[in-house]
Structures are given as structure tokens and as C-alpha cells.
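The values are calculated or read from the model by the stated rules, or taken from the named source; none is laboratory data. Worth saying up front: this structure is predicted, and the values here are computed from it rather than measured. A quick note on method: Cβ atoms are made from the backbone with ideal geometry, for glycine too, and the neighbour counts reach across all protein chains shown.
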Amino acid sequence: MASNPNDLPVSSLRRKPRRTETIIQTFLFLAAALSIFTTVGIIYELGKESLNFFSRRMWEDTNKQLAASIGPDENRFEVSASGSPLHAGEIIRVDDEIMQVLAIEGQTVEVERGALGTLPAPHKGGLDIYEGRRVSLVEFFTKTEWNPQIGKFGILPLLNATLMTSAIAMLVALPLGLSIAIYLSEYASRRARDIFKPILEILAGIPTVVYGYFALTFMTPLLRAIFGKDVVEIYNTASAGIVIGILVIPLVSSMSEDALSAVPRSLREAAFGLGATKLETAVKVVLPAAFSGIAAAFIIAISRAIGETMIVAIAAGAGPNFTFSPFKAAETMTGHIVRISGGDLSYDSIDYNSIFAIGLVLFFITLGLNIISQRVVRRFREVYD
């Protein structure tokens with residue numbers, strides 16, 4: 001008598017566990033979780049050190065001194081006439097004691113002794129008086145001088161140089177990269193593609209430090225020969241930006257070609273059937289259809305140019321300079337981080353924490369570009385059946 005399939009035990013119909021699949025799934029999950037935790041860790045460190053930068057009190061020498069010795073109980077004393085003026089309400093420091101200024105009468109200063117938990121102590125005449133202040137967000141984003149050694153923390157010179165080099169790089173990389181992508185996708189034969197592809201990969205694989213010295217030893221002399229040595233300085237943002245553009249060309253061309261190649265062949269054949277030339281088909285049919293992918297390539301290339309370090313560190317200049325001339329030296333945010341972090345900075349100092357504040361600005365710039373890229377892709381993406 002044949003058995004009825006419906007009489008099979010329920011346990012035999014259950015999915016049998018596959019240990020290999022479970023291990024693979026767990027490994028993939030851990031890899032994804034590790035990338036997320038790494039990103040969170042970076043944001044945490046940048047935010048923590050940046051908070052220390054904006055909350056830390058800096059002490060600037062006022063070039064004033066105590067006119068005479070004072071005891072621990074005196075809250076009025078004379079100061080020298082030289083130096084920057086003191087103001088009521090501000091915090092000052094004499095030796096290790098912190099005081100709050102209550103009133104100013106000529107060269108006589110009335111203070112509250114032992115502020116911020118310090119102990120009043122006797123001080124000899126001639127001791128320097130320091131003024132305490134914090135860096136505000138308004139000062140950080142609006143001032144045009146960056147010099148941590150004298151308490152100047154306006155990021156605009158570094159930001160301006162970064163945007164200048166990135167803009168020059170995009171003027172080089174975007175048209176050339178898109179032209180290369182159109183040629184490889186619409187015009188190049190298989191043999192030509194096999195020749196040009198490895199060359200582009202070589203450009204992408206060259207270390208950026210080599211690009212930096214190429215900008216300094218080749219591009220800068222070329223610009224000086226064209227525009228004049230009196231116009232183009234040895235270190236300048238133009239040569240750095242041009243070479244960054246050369247560096248970014250493979251990224252633009254590769255991603256743009258992938259977007260162009262993804263356009264269905266039927267659209268090209270329809271354009272040819274209507275009498276369009278190859279150039280008209282590429283520009284008026286294929287290019288608009290691949291716009292989302294090309295726009296994403298452009299935005300990612302801009303993000304890559306903004307984050308470039310070694311080229312600008314070598315060729316752009318080593319001092320913050322608020323200038324709009326591409327032929328003058330100017331230090332970018334990444335170049336400044338490299339230069340300062342390689343110096344003799346004490347840990348947890350105001351100079352040290354300023355590096356993380358600059359890094360946090362860079363992070364938000366690239367994050368904003370990535371968000372824009374994703375929105376552009378979703379907004380203009382074409383779906384073909």
C-alpha cells in the first residue's frame with residue numbers, strides 16, 4: 001500500500017540548518033557592522049576633540065605687567081600702560097592664579113581673586129598678565145586669519161584655498177574625463193579601449209606624493225614660463241589644482257563610462273534610425289539618459305579633490321593665505337593638517353585640537369556632497385525594462 005505524502009511528519013518538512021550559510025551570513029553582517037562602527041568612531045573622535053577646541057580657554061599675552069607686587073588679599077592693583085587694554089568681565093591670569101576683572105579705572109584694575117577654582121597667591125611686580133578667551137563659531141567661520149600661535153582661528157583662508165584648488169581640478173577633470181568616457185563608450189574600438197583603459201588605471205595607481213612633486217617640478221615651471229615668474233609663485237594653488245584634476249580624471253572617466261554603457265542599445269539604434277549622427281546620439285540621447293550616473297561621478301570627484309592631501313601639501317604652499325589669486329601660495333585644510341600634525345604639538349593643546357576642528361569641517365563637506373550625490377541619483381535615475 002502506497003504511503004500518503006500528507007502523512008509525512010512535520011519535522012521532515014522543516015528547513016534544515018546550513019552551518020556554512022550561517023557562518024557566511026554572520027561574517028558579512030560583522031563586516032557591515034565593523035564599517036558602521038568605524039564611521040561612528042571617526043565621528044566621535046572628531047566631535048570630541050572639536051568640542052575641546054571650542055570649549056578650551058586660550059591664554060594670550062596682553063603685553064601688560066603688574067606695576068608692583070601684590071598680596072593674596074589685594075583685589076586692586078596697578079598695571080603697566082603698554083599692551084592691549086583690559087575690559088570688565090573678562091578673565092585674566094597672573095602666574096597660576098586666574099582672576100575676573102570687575103572694573104577698570106585708568107591703570108588700576110579691580111578683580112575677583114581665585115576665579116575658576118584657583119587659589120589667591122602673592123605675585124611679584126613685573127609678572128605678565130594673560131587674557132583668557134574661547135574660540136567662537138562666529139570667529140571660526142568668519143575671520144580671515146589663521147595663526148594658532150597668536151590665537152587667530154579664522155578658517156576662511158584654509159577653506160578658500162581648498163575650494164580654489166578643487167575648482168581648478170574640476171575645470172580640468174570634468175570635461176576631460178567626460179570626453180574620455182564618451183569616446184570609450186561610443187567611439188572607441190575594442191582595441192583602442194584595451195589600450196586606453198590600462199593607461200587610465202596607471203594614472204589612478206600613481207602615488208599622490210609623486211603627483212605632488214610633478215606639480216612642483218613640472219607644472220609650476222610650465223605656468224611660470226607661460227605667465228611669467230613675477231606672476232606665478234613657486235608654490236601656488238593653480239599647479240596643485242591642475243595636477244589634482246589629472247589625478248581625478250580616471251575616476252570621472254571610469255564612472256561616467258559605466259553610466260553611459262548602461263544606457264540600452266535600443267536608444268542608440270532608434271536615434272540612428274531617425275538620422276542622427278553618432279555625436280548627436282551621444283550628446284542628445286545617451287548623455288541625458290545617463291545623467292544621474294554622470295552627476296554622481298562628478299560629485300564624488302569633487303569630494304575626492306577636496307580631500308586630496310599630498311599634492312597640496314607639496315605644491316600649494318605651507319602658510320595660510322586668504323587670496324583669490326591661483327598663482328599665489330595658499331595652504332589648504334588638508335595641507336595644514338599634514339604640516340601641523342608633523343610638528344612638535346603637545347597632546348590636548350589648543351593647536352592640537354584645532355586639527356580635529358578642521359577635520360570635522362572636511363567631514364561635513366564630503367558628507368554633504370555624498371548626500372547630494374544620492375539625491376541626484378534618485379531624482380534623475382532612468383529605469384529601463
Item to check | Out of THR108, THR38, sole residue that is surrounded by fewer than 16 Cβ atoms within 10 Å (Cβ to Cβ), more than 30 Å from ILE337 (Cβ to Cβ) and either of a type in the set (S, T, N, Q) or touching a residue at least 12 places away in the same chain (Cβ under 8 Å) (or both) | outcome: THR108
Next on the checklist: Residue under question is THR323, and the condition is that it be surrounded by fewer than 20 Cβ atoms within 10 Å (Cβ to Cβ), touching a helix residue (DSSP H, G or I) at 6+ places or on another chain (Cβ under 9 Å) and part of a helix (DSSP H, G or I); does it hold?
Outcome noted: no
Next on the checklist: For segment 251-274, check the following and say yes or no: at least one residue is polar (S, T, N, Q), surrounded by 19 or more Cβ atoms within 10 Å (Cβ to Cβ) and farther than 14 Å from LEU178 by Cα.
Outcome noted: no
Checklist entry - What tally of residues in segment 331-365 results from selecting those that are hydroxyl-bearing (Ser, Thr, Tyr), modelled with pLDDT of 90 or more and part of a helix (DSSP H, G or I)? => result 1
Next on the checklist: Being surrounded by fewer than 22 Cβ atoms within 10 Å (Cβ to Cβ), within 15 Å of TRP146 (Cβ to Cβ) and in the same structural domain as ASN236 (by TED's automatic domain parsing) is the requirement here; does ARG339 meet it?
Outcome noted: yes
Next on the checklist: Just to be sure before I move on: is ALA169 farther than 24 Å from VAL263 by Cβ and either touching a residue at least 40 places away in the same chain (Cβ under 8 Å) or surrounded by fewer than 19 Cβ atoms within 10 Å (Cβ to Cβ) (or both) in the structure I sent?
Outcome noted: yes
Item to check | Residue in segment 43-57 that is out of contact with any Ser or Thr (no Cβ under 8 Å at 6 or more places or on another chain), under 25 Å from ASP351 (Cα atoms) and aromatic (Phe, Trp, Tyr) present | outcome: yes
Checklist entry - Residues in segment 94-112: is at least one closer than 29 Å to LYS152 by Cα, hydroxyl-bearing (Ser, Thr, Tyr), out of contact with any Phe, Trp or Tyr (no Cβ under 8 Å at 6 or more places or on another chain) and modelled with pLDDT of 90 or more? => result no
Checklist entry - Quick one: GLU60 ticks every box in (1) of a type in the set (Asp, Glu); (2) in contact with a strand residue (DSSP E or B) (Cβ under 6 Å, 6 or more places away or on another chain); (3) not in a strand (DSSP E or B) bar one, so which box is it? => result (3)
